[in-house]
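Here's the structure, in structure tokens; my notes come after.
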Amino acid sequence: MSLVGQSLTQALQHPSAPALTPRRVAVIGAGAAGLAAARALRRRGHDVVVFEKGPRLGGIWAFEPDPGDDPLGADPVRPYSALYDSLRTNLPRDLMAFVDYPFDSSGGGDDAWPRFPGHAEVLAYLERFARDFSLLDAIRFDTQVDSITPADGWRVISTRQGRQREEAFDAVAVGNGHYAVPRIPSLPGMGAFPGRVQHSKTYRRPDGFRGQTVAVLGASASGLDLSTEVATVARHVYWCADAFAQLPVEQRVRGNVERTAAVAALLPDGGLRLRNGAELPAVDVLLLCTGYRYAYPFLPSGLVDVDDNWVRPLWQDLLHVRHPTLAFIGIPFRVVPFPLFDVQARWFAALLSGDVTLPEPDTLLAASERRAAELRAAGVAQRHFHQRSLDCYDYLDALCAQSGQPPIPDWHRDLAAAVLAHVAANPGRYRDRPLPTFGPTRVAAGTA
């Protein structure tokens, strides 16, 4: 933890404000982040309304088999989910679970489910979470949030079935996720490219790639999954990423998958120019596994600034420094997501209840700017400023200490370290290889 983090932690560990009266809180989104916020806020006695633009809860985990007609998925409203049919979590269900609600038969899961469950199991878990904690009556489905503006509290305008409604709230928790607006790289020649350009948001299954030559751009989780899956039916797959530019020749081709440098430009004959100057022959499809953009179209310009996926001005990747009744649940990435959502939500609920005392806004802003400066000095790209992979548990422990929550149990850290080693030892196969248990999660015999 930086010196900035240490000083703020010390300032927050000694709340002195009296408990406040219950607040009326708008929660944006009924995915995992929004559900965690709704539960935490209700437990503190706050009045909660959850706005969900889709017809069901679950957010990204509510799989949609039909992604629509736009291969780039530019519409931020449809599809609601970016999941592909075969998707399984890249974390075991013990790490995926809310810490006090196991992902087994004693909580919202099933002992017999795979250790790395599919999206259907995750959705079932979230549906049971909402049912077991009586959250369904707080959710307004098929309700689009049009605008949220500060006005002696917050004014929220929403639309459902063509009818617009304006309401006042004391606070807002934004949990709309960050897998709705695809990050489309600006590649020269895209307009004249004769092949199909598609984003992973609209990928569902490999059938449409049968016998084709496909280039997959991106080396994160979706790039790995989709290059592997498409290769089962495609004639040839070029997997393109900067990370592969320095590979030895003997490691570049495995089966019908060839790893290359990242794409720099699209050529009018269907070929691709790479960043190392090499060129690939014509491909039928360029599949973009290039991630997503943080987007808050319902917030007025100037309230938050999103610049190359850096959302500011936020303190602790969580709270607006000038409007401390506006929180963003779930912005950090490469984390243990559900536990993080829950810890952030409990922190915000404690803040609204008067059990956390904040320093002055200028102090919060200075802390935010110093953290950004530290990240820049360490060579971190701005689009990765919200990445918390290396300090995730330190971050969670700090929020727990500030808000009087018990810390994340030690077994969580132990299992997270074991998972990293497990993935490294079993690349491409880690989901189906046995993994030790470290905590209370129950796993049926014979279940990986």
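Kindly evaluate ARG205 against the criterion of being modelled with pLDDT under 95, farther than 30 Å from ALA40 by Cα and in contact with an Asp or Glu (Cβ under 7 Å, 6 or more places away or on another chain). Spell out the reasoning first.
Values: modelled with pLDDT under 95: no; farther than 30 Å from ALA40 by Cα: yes; in contact with an Asp or Glu (Cβ under 7 Å, 6 or more places away or on another chain): yes.
Answer is no for this residue.
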Inset, instruction - Residue by residue through segment 392-422, note down the ones that are free of Cβ contacts under 8 Å to residues at least 40 places away in the same chain and either touching a Phe, Trp or Tyr at 6+ places or on another chain (Cβ under 6 Å) or at positive phi (or both). - result: TRP411, ARG413, ASP414, HIS422
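Quick grid of which residues meet (1) farther than 18 Å from ASP85 by Cβ; (2) in a loop (DSSP other than H, G, I, E, B); (3) at pLDDT 95 or above:
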| position | (1), (2), (3) |
| --- | --- |
| SER222 | no, no, no |
| LEU226 | no, no, yes |
| GLN246 | yes, yes, no |
| ARG259 | yes, no, yes |
Legend entry - Residue in segment 432-445 that is modelled with pLDDT under 95 and part of a helix (DSSP H, G or I) present: yes
Inset, instruction - State whether one or more residues within segment 121-136 are in a strand (DSSP E or B) and either of a type outside the set (S, T, N, Q) or within 23 Å of the chain's Cα centre (by Cα) (or both). - result: no
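Taking segment 367-386, which residues are open to solvent by 40 Å² or more (accessible area, probe 1.4 Å) and of a type in the set (Gly, Ala, Ser)?
Applying the first criterion (open to solvent by 40 Å² or more (accessible area, probe 1.4 Å)) to segment 367-386 yields 369-371, 373-374, 376-380, 382-384.
Passing the criteria: ALA373, ALA377, ALA378, GLY379.
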Legend entry - Residues of segment 269-295 classified as in contact with a helix residue (DSSP H, G or I) (Cβ under 9 Å, 6 or more places away or on another chain) and within 28 Å of ASP207 (Cβ to Cβ), total: 9
Legend entry - Cross-chain or 6+ apart pairs with Cβ under 8 Å, segment 189-218 first and on the phi < 0 side of the Ramachandran plot and in contact (Cβ under 8 Å) with a residue 12 or more places away in the chain, then assigned to a loop (DSSP other than H, G, I, E, B) and basic (Lys, Arg): GLN212/ARG235; THR213/ARG235
Legend entry - Filtered residue count, segment 329-364, keeping only those that are of a type outside the set (Phe, Trp, Tyr) and under 24 Å from the mean Cα position of the chain (by Cα): 18
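The values are calculated or read from the model by the stated rules, or taken from the named source; none is laboratory data. Here the structure is a predicted model, which means the values were calculated and not measured. FYI the Cβ positions are ideal-geometry reconstructions off the backbone, even for glycines, and counts take in every protein chain you see. When the accessible area is computed, the model is the full protein with side chains, heavy atoms only, and any ligands, DNA or RNA have been set aside. Shrake-Rupley method; radii C 1.70, N 1.55, O 1.52, S 1.80 Å.
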